[in-house]
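Values quoted throughout were computed directly from the atomic coordinates according to the rules given, and no laboratory measurement underlies them. The shown structure was predicted, so the numbers you read here are calculated from the model rather than taken from an experiment. Every residue, glycine as well, gets a Cβ built from its backbone with ideal geometry; the counts of neighbours run over all protein chains shown.
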Amino acid sequence: MPSQPVKRSIQWGIWGNETALLGAYVLTIGGVIGIVGGVTQNFLFWLPIGIYGLIFGILMSFLEYPRGKKSKGNTVSRWHQSCFSSMVSKLPVVSNYYYRAFIYFVVCLPTLIIVPTFLGSVCVMIGCGIYFGAAAHGESWSPVVPRLQPQRTGGNVSEPPAQPPPRLPQHTGARYAT
Amino acid sequence: MSRLSGLLANELPKYLVLLIWLGLNVFLFVYYYLFYDTRPEFFYTRILLGPALALARAPAACLNLNCMLVLLPICRNLLSRFRRACMCCPRRVRVVLDKNIKFHRLCAYMIVLMTLIHYYAHCFNVDFFTSVYRVPLNSRNTTTVSKLRWRLTQIGGNNYLNPIRSDVWSVGAVFLLTGGWTGVIITLSLFFMVTSSVELIRRSYFEVFWYTHHLFVVFYGFLVVHGISRQVRGQTPASLQNHNVTFCSQHPDLWPNPPCPLPVFQGSEPMTWKWVIAPMILYVIERIIRFVRFTQHVEILKVIKHPSRVVEIQMRKSGFFAEVGQYVFIMCPKLSNLEWHPFTLTSAPEENYCSVHIRIVGGWTSDLSKALGADGEGPEVLPSWKMPRIAVDGPFGTASEDVFTYPVAICVGSGIGVTPFASLLKSVWYKNLNPEKELALKKVYFFWICPEVHAFEWFGDMLTHLEQQLIETGQQNLIEYNIYLTRGWDAKQAKTIMVHEEDERDVITGLEQKTNYGRPNWDDIFMKVAQTHPSTHVGVFFCGVAALSHELHRMSNKHSGNGVVFHYNKENF
């Protein structure tokens with residue numbers, strides 16, 4: 001298959017988004033595990049941090065779920081991301097990757113103290129690192145606007161027909177000769 | 001009934017492999033769960049850890065299996081040799097080998113799932129180990145179990161059960177345990193590999209995927225030493241003899257005096273290396289082969305610029321021989337020392353050079369065309385000493401190799417996906433020059449689906465020559481071409497087409513067979529082929545977009561029956 005753009009045009013924010021989203025999922029499940037362990041075994045700090053991890057894991061997944069618009073080419077949106085996308089585009093600071101990286105980092109710090117949420121928060125923090133790099137590259141989040149009509153290659157090109165054009169009998173006969 | 005033979009030919013082998021793989025995973029999970037949950041030597045371990053012990057060890061067994069299997073589908077040389085050796089096997093066996101990347105991904109998903117279960121179960125285990133130090137022992141409410149846990153934890157020296165030797169913070173305990181910090185490194189490598197393997201990242205920023213995926217070296221390196229400290233421990237058989245577990249577990253205050261001498265524990269031997277060592281060696285051999293091929297000299301004979309940003313490179317490498325439709329990996333040290341990109345060969349085996357047609361789409365391909373001197377305006381030619389050095393790895397086999405084994409073949413290529421068929425058609429041409437050797441392949445229905453007019457000038461020439469030769473040898477019915485332009489035409493083109501409607505040759509391609517407009521009606525086409533060739537095995541070969549692949553797969557299943565079987569083969573890298 002043909003290759004894709006080199007480093008100079010890589011949009012790191014897209015990878016940061018994947019990392020932070022997966023980290024948020026792991027954090028959410030870690031929060032659930034923390035709650036289970038805290039309730040059944042009364043492990044130290046599992047219950048409060050578990051609840052905290054669950055809530056912020058869910059919030060972060062909501063924020064990360066809508067994919068940002070790629071600067072070059074067509075962006076493949078996630079399944080049903082439009083409602084999340086409209087919500088996120090109304091929020092004040094999240095389009096700036098610096099703020100996003102900083103907020104996620106601070107939010108994840110308390111979850112480092114118990115083991116179940118440790119992995120999820122480390123993953124989100126790595127996502128923060130990538131977002132920080134993306135912000136340093138001048139990237140930011142912008143919503144994917146759905147295309148209202150299919151793109152045309154030129155002004156005069158018409159829709160491709162569903163049926164082939166009618167041909168004189170000798171040609172149709174020859175094509176499907178047995 | 002007609003669908004059944006299609007399903008048997010195209011779906012059964014895949015599902016059989018899937019079933020076997022799933023069965024192995026389930027078996028290992030259940031077996032090792034029961035192993036750790038019921039055996040007497042882990043009785044005391046279970047006192048400390050509860051069901052979390054078995055819940056952590058069972059996915060570990062599945063992880064061993066999948067870490068072993070995940071490397072095998074990427075050993076392309078091994079697969080190609082296996083495919084070659086399997087030429088006498090039924091086609092169904094070889095079709096399964098084409099799904100290698102899908103299987104690799106399946107094993108990877110299972111690794112992720114099992115890693116999560118393993119990690120979350122071990123979260124409990126770590127806290128079970130550390131919480132023993134926090135239970136007050138002298139109050140009236142201290143239970144027998146708490147006293148027992150404390151006694152077990154106190155056992156020191158080499159006979160210990162609890163690897164945590166003092167009151168530490170749980171997260172700190174993770175880094176004290178060898179299994180803990182190696183586990184963190186392994187899981188983070190896995191995490192990075194997974195996030196960059198998402199389809200969007202692979203297609204848009206291939207380099208991110210390629211470089212990050214090499215973290216598998218870190219993954220396997222630390223996986224092999226993950227269990228080296230033997231921190232999962234069970235009672236020794238000798239200790240089980242002289243320490244009555246049922247009685248002594250109820251009376252921890254009697255320890256260490258008889259009848260309850262202190263139990264002695266030993267660690268389980270690390271098992272993972274036994275599972276993964278063979279595939280690791282096989283993969284290392286693959287990379288060594290690639291390195292050896294890297295050092296071999298490749299001579300660039302010609303670079304041809306075709307319209308629509310396609311560059312053809314004709315090369316020669318001593319000792320290199322490829323079958324029809326195979327592909328190679330190309331690397332150019334001048335551009336990048338680490339990137340190898342796959343391309344299908346467009347030359348026939350009968351030619352004394354090998355060629356690839358590269359479409360210039362992204363950074364690496366544009367840089368390559370610049371390095372080859374193909375980005376200039378005029379037809380200037382770079383002298384061979386100025387040509388950049390390139391390395392070729394391969395050839396690797398794919399489905400198209402099998403075309404000659406079918407009596408009838410339907411070959412469909414969309415856009416640049418036509419390249420494997422360029423190799424095939426040229427080979428047919430060469431084989432035809434030698435009329436003594438009769439081909440098993442009697443009829444080829446060739447379909448090329450292009451979005452626009454400009455996409456096929458380089459191919460058009462070849463088709464015209466082939467058509468001419470077939471007419472000369474009286475075999476014009478061997479290949480039937482159907483070219484479809486799907487994106488329509490503009491007003492000027494429509495006029496030209498109308499005017500030349502009656503011409504003997506098609507105005508766009510110059511071929512005798514006319515170009516069609518719009519999309520093919522596959523139901524009609526498959527039905528006609530089934531009627532024309534009753535009781536035959538028809539090979540359907542496709543290279544191109546996924547949507548069309550599903551359509552053709554569906555058609556192959558739908559129209560098989562009454563003796564006709566459509567075998568669906570899809571090209572993939």
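Look at the stretch B:356-364: the mean tally of other chain Cβ atoms within 10 Å of its residues' Cβ atoms is 3. Taking the Cα centre of segment B:297-396 as the origin and placing charges on Cβ (Lys, Arg +1; Asp, Glu -1), which of B:Phe320, B:Ser366, B:Ala348 is farthest toward the positive end of the dipole? My answer, from the dipole projection, is B:Ser366.
Report, in order of residue number, the helices in chain B meeting two criteria: a C-alpha extent of 30 Å or more along the helix axis, and a mean Kyte-Doolittle hydropathy of at least -0.5; treat each whole DSSP H run as one helix. Kindly include the intermediate steps, with their values, before the conclusion.
Working: long enough: B:12-38 (38 Å, 1.29); B:100-131 (46 Å, 0.70); B:272-295 (34 Å, 0.88).
Both cut-offs are met by B:12-38, B:100-131, B:272-295.
Each peptide among B:237-243, B:157-163 gets the average number of other Cβ atoms lying within 10 Å of its residues, and from highest to lowest they stand as B:157-163, B:237-243. A simple spin-label model places pseudo-atoms 7 Å from Cα toward Cβ; at B:Lys302 and A:Val106 they are separated by 6.7 nm. If the chain linking B:Phe247 and B:Ala547 were pulled fully straight, counting 0.36 nm for each residue of separation and taking away their Cα-Cα distance, it would gain 101.3 nm. Can you give me the distance in nm between label points at B:Arg389 and A:Ser86, each placed 7 Å from the Cα along the Cα-to-Cβ direction? Between B:Arg389 and A:Ser86, the label points sit 5.9 nm apart.
When only the Cβ of Lys, Arg, Asp and Glu is charged (+1, +1, -1, -1), the dipole of chain B relative to its Cα centre reaches about 2260 debye. Take each residue of peptide B:188-199, count the partner chain Cβ atoms within 10 Å of its Cβ, and average: the result is 4.
Comparing B:Pro259, A:Val32, B:Gln531 along the charge dipole axis of the protein assembly as shown, the residue lying farthest to the positive side is B:Pro259, per the Cβ-charge model.
Please give the charge dipole size of the protein assembly as shown, origin at the Cα centre, charges +1 on K and R Cβ atoms and -1 on D and E Cβ atoms. Round to the nearest 20 debye.
On the way: 67 positive and 47 negative charges, 338 e Å.
Dipole about the Cα centre, nearest 20: 1620 debye.
The order of the peptides A:21-28, B:180-187 by mean Cβ neighbours within 10 Å, most packed first, is A:21-28, B:180-187.
Pairs over the 26 Å Cα-Cα cut-off, from the set A:Lys70/B:Lys302; B:Lys370/B:Lys570; B:Lys302/B:Lys431; A:Lys69/B:Lys334: A:Lys70/B:Lys302; B:Lys370/B:Lys570; A:Lys69/B:Lys334.
Extending 7 Å from the Cα toward the beta-carbon at both B:Leu113 and B:Phe27 defines two label points whose distance is 1.8 nm.
In chain B, once you exclude exposed trypsin sites (Lys or Arg not before Pro) (DSSP loop, at most 10 other Cβ within 10 angstrom), what's the longest stretch remaining? In chain B, the maximal stretch lacking such sites is B:141-436. Taking a Cβ cut-off of under 14 Å around B:Ala391, the surrounding Lys, Arg, Asp and Glu residues balance to a net charge of +4, with basic ones at +1 and acidic ones at -1.
About the Cα centre of segment B:297-396, what is the dipole size in debye to 20, counting +1 per Lys and Arg Cβ and -1 per Asp and Glu Cβ, all else neutral? The partial results should precede the final answer.
On the way: 10 positive and 11 negative charges, 44 e Å.
For this selection, approximately 220 debye.
In a Debye calculation with equal point scatterers on the alpha-carbon sites of the protein assembly as shown and no solvent, what is log10 I(q)/I(0) at q = 0.05, 0.06, 0.07 Å⁻¹? Result of the Debye calculation: -0.35, -0.49, -0.65.
PRE reach from B:Ile289 (point 7 Å along Cα→Cβ): which of segment B:325-359 fall under 18 Å by backbone N? Only B:325-331, B:340-345 fall inside the zone, counting backbone N under 18 Å.
At a temperature of 4 °C and a viscosity of 1.567 mPa s, determine how fast segment B:297-396 diffuses translationally according to Stokes-Einstein, using the Kirkwood radius over alpha-carbon pairs as Rh; express D in µm²/s, rounded to the nearest whole number. Walk me through the intermediate numbers first.
Values: Rh = 13.7 Å.
Translational diffusion coefficient: 94 µm²/s.
Farthest towards the positive end of the charge dipole of the protein assembly as shown, among the residues B:Tyr517, A:Phe118, B:Ala52, is the Cα of B:Ala52, using unit charges on the Cβ of Lys, Arg, Asp and Glu.
Two-decimal Rg/Rh of chain B from alpha-carbon positions, Kirkwood Rh?
On the way: Rg = 31.6 Å, Rh = 28.2 Å.
Radius of gyration over Kirkwood radius for chain B works out to 1.12.
Per residue of B:277-286, what is the mean number of Cβ atoms on other protein chains within 10 angstrom of that residue's Cβ? The partial results should precede the final answer.
Numbers: counts 0, 0, 0, 0, 0, 0, 0, 0, 0, 0.
Mean shielding count: 0.
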